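Shown next, in structure tokens, is the structure this report addresses.
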């Protein structure tokens, strides 16, 4: 037995075809939560930069390959992060690089994650997987394993606190040091554990 397409079925198919053409052509429509919920970004930017000044003096400048702004959360997330830090005379003191980061838009505190490296202008190098920059206190902190290299000496430890120039820093636990000195040729590298 063969089914026949009557007028009501043709009308139904015509209505479906017209609806699919109306929604299928022209602008792309997406269904999802609005940016006002904080789930989706309010803005997305390529080649992003952000500066922080204090009484007109440049304190730091952030560059990112990509950034997304979440107004409800007062948060900026970034990928491919590089931050230049400056002293009170606006002279560069150090550079931070990381795979990704977050910036609190109210406090300007930053979190950096993934292959984080802070290189000071005097040659000191700090590396870890995660750190926070506390903007108001101008302090770098990390709860992770941190490695600091300076003039051939290497310090490692868990938990870290420092100024952005890496001039004054301290570890909280599991500290190890490898010290290279002129007597190394005779004695070899020394290790000490605290």
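The table below gives the values:
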| read-out | value |
| --- | --- |
| Search result, residues across the stretch 16-62 that are modelled with pLDDT of 50 or more, more than 29 Å from residue 86 (Cβ to Cβ) and loosely packed, with under 12 Cβ neighbours inside 10 Å | 36, 37 |
| Given (1) touching a strand residue (DSSP E or B) at 6+ places or on another chain (Cβ under 8 Å); (2) more than 30 Å from residue 73 (Cβ to Cβ); (3) at pLDDT below 90; (4) not in a loop (DSSP other than H, G, I, E, B), number of the condition residue 157 does not satisfy | (3) |
| Any hit, the stretch 137-152, residues being surrounded by fewer than 16 Cβ atoms within 10 Å (Cβ to Cβ), assigned to a loop (DSSP other than H, G, I, E, B) and without any contact (Cβ under 8 Å) to a residue 24 or more places away in the chain | yes |
| The stretch 97-108, subset surrounded by 16 or more Cβ atoms within 10 Å (Cβ to Cβ) and part of a strand (DSSP E or B), residue modelled with the lowest pLDDT | 103 |
| Residue 133 closer than 19 Å to residue 86 by Cα and surrounded by 14 or more Cβ atoms within 10 Å (Cβ to Cβ) | yes |
| Checking residue 174 against (1) at pLDDT 85 or above; (2) under 29 Å from residue 92 (Cα atoms); (3) more than 20 Å from the chain's Cα centre (by Cα), the condition it does not meet | (2) |
| Residues satisfying the stated conditions in the stretch 109-131, i.e. farther than 22 Å from residue 168 by Cα and assigned to a loop (DSSP other than H, G, I, E, B) | none |
| Some residue of the stretch 68-84 being in a strand (DSSP E or B), in contact with a strand residue (DSSP E or B) (Cβ under 7 Å, 6 or more places away or on another chain), under 21 Å from residue 136 (Cα atoms) and in contact (Cβ under 8 Å) with a residue 40 or more places away in the chain | yes |
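The values are calculated or read from the model by the stated rules, or taken from the named source; none is laboratory data. Since this is a predicted model, take the numbers as computed values, not measurements. Note: ideal-geometry Cβ built from the backbone for every residue, glycine included; neighbour counts use all protein chains shown.
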